[in-house]
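Chemist: Quick one: structure below, then a few questions.
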Amino acid sequence: MNNVLASSFEGKDHPLKVPARIFNLGSFDNCTNARYLKYSFSPNVNDTIRTIDCTNAGFQYYTIYVTDFEGNQDYAEVYMLAFDNGACSGTLRLSGSIQEANGVPLTNASILLTKPDDQNMQMMSMSNGNGLFNWENIGIYKNMEITPSYELKDQDRLDIADLKMLQDYIMGITQPVNFQFIAADMDEDNRIRIKDLEILKQLIITGQAINPTPWRFSCELDTIEKLADLQKIKKSIILDQYTS
């Protein structure tokens with residue numbers, strides 16, 4: 001599947017009709033010809049269209065189901081970014097979610113919405129108990145950025161086991177999994193080495209570290225398979241960088 005698509009529509013008069021099939025990027029089955037596969041937004045094979053208008057423009061989170069001739073199904077999580085071309089200004093809702101690497105919602109995180117060519121547009125939202133945040137009654141334009149931050153320090157979550165894990169990786173004994181790579185890169189230079197071990201040791205002992213930011217965010221990237229993937233991390237969501 002295409003993990004993310006972007007499109008636009010003309011305000012209230014011309015809503016965007018999104019077919020589930022548009023996300024397909026080469027699905028196949030071992031007993032059904034590809035042209036006979038069915039695509040839907042739910043297990044119901046007839047649930048094939050979503051409508052985006054002034055009431056729900058912005059990020060769209062979908063589950064795309066693929067059904068073969070025998071009724072067997074598989075699915076994938078995708079999302080879409082729908083831009084209003086201006087006619088909906090003042091009537092839109094932009095929403096999203098933020099969570100920790102283990103899937104736990106992050107509460108009371110600050111999410112800043114800015115427009116680089118308009119210094120007066122800086123809108124803050126706070127994530128709720130479910131990690132959800134939103135802005136109401138705004139226009140959505142391509143040159144917008146969303147940047148999360150979180151200042152709460154929780155020293156009790158770091159202990160000698162974290163130090164041992166990092167040490168074992170540097171010595172080649174163990175391999176980090178997914179977002180453990182981010183946690184191990186203490187100085188945010190996209191490398192994991194002895195310097196990171198020293199920083200972590202200092203943080204555990206004194207509660208102080210050279211990096212003033214206690215939390216590091218990954219926008220868009222949801223899986224880290226190797227160390228080189230750290231270079232792909234984006235600290236902000238820049239809306240006009242999405243493919244169409």
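Chemist: Could you sort out which of K115/K226; K38/K232; K115/K234; K115/K235 sit more than 25 Å apart by Cα distance in this structure? Can you show the working numbers first?
Modeler: On the way: K115/K226 33 Å; K38/K232 34 Å; K115/K234 17 Å; K115/K235 16 Å.
Beyond 25 Å: K115/K226; K38/K232.
Chemist: Let me ask you something else. Ranked from highest to lowest mean number of other Cβ atoms within 10 Å per residue, what is the order of the peptides 229-238, 42-51?
Modeler: Packing order, densest peptide first, comes out as 229-238, 42-51.
Chemist: Let's see if you can work this out: charge +1 on each Lys and Arg Cβ, -1 on each Asp and Glu Cβ, no other charges. What is the dipole magnitude of the range 1-87 about its Cα centre, in debye to the nearest 20?
Modeler: Dipole magnitude for the range 1-87 comes out near 140 debye.
Chemist: What dipole magnitude, in Debye to the nearest 20, does the chain give about its Cα centre under +1 on Lys/Arg Cβ and -1 on Asp/Glu Cβ?
Modeler: Magnitude of the dipole: close to 220 debye.
Chemist: Could you check how many percent of all C-alpha pairs in the chain are farther apart than 29 Å?
Modeler: 43 percent
Chemist: Can you find, among N72, L152, A57, the residue sitting farthest towards the positive end of the charge dipole of the chain, where Lys and Arg contribute +1 and Asp and Glu -1 at Cβ?
Modeler: A57
Chemist: Is the range 14-117 best put as rounded, prolate or oblate by its Cα gyration tensor, with a ≥ b ≥ c the root eigenvalues, rounded for a/c under 1.5, and otherwise prolate when a/b is larger than b/c, oblate when not?
Modeler: Cα axes put the range 14-117 in the oblate bin.
Chemist: When the C-alpha atoms of the range 155-216 are aligned to their principal axes, what extent does each axis show, in angstrom, from largest down?
Modeler: Here the Cα extents, ordered largest to smallest, are 27, 22, 19 Å.
Chemist: What shape does the range 13-67 take by its C-alpha gyration tensor, where a ≥ b ≥ c are the square roots of the eigenvalues and a/c under 1.5 counts as rounded, a/b above b/c as prolate, and the rest as oblate?
Modeler: Judged from the Cα gyration tensor, the range 13-67 comes out prolate (a/c at least 1.5, a/b above b/c).
Chemist: A further question on this structure: Using Cα pairs under 8 angstrom and six or more residues apart, how large is the relative contact order of the chain, in percent? Working shown, then result.
Modeler: Numbers: 458 pairs, mean separation 39.6, N = 244.
Relative contact order comes out at 16 percent.
Chemist: Using θ = phi - 60° and the Karplus relation 6.51 cos²θ - 1.76 cosθ + 1.60, list the HN-Hα couplings for the range 46-57 in order, rounded to whole Hz, with x at every Gly or Pro.
Modeler: 8, 8, 10, 10, 10, 10, 10, 9, 5, 7, 9, 5
Chemist: So what J values fall out for the range 100-111 if you push phi through Karplus, 6.51 cos²θ - 1.76 cosθ + 1.60 with θ = phi - 60°, rounded to Hz, Gly and Pro as x?
Modeler: 6, 4, 8, x, 6, x, 9, 8, 6, 7, 9, 10
Values in this text are rule-based calculations from the coordinates and carry no lab data. Since the model is a prediction, treat every value here as computed from it, not as a measurement. Cβ: placed from backbone, ideal geometry, glycine included. Neighbour counts: every protein chain shown.
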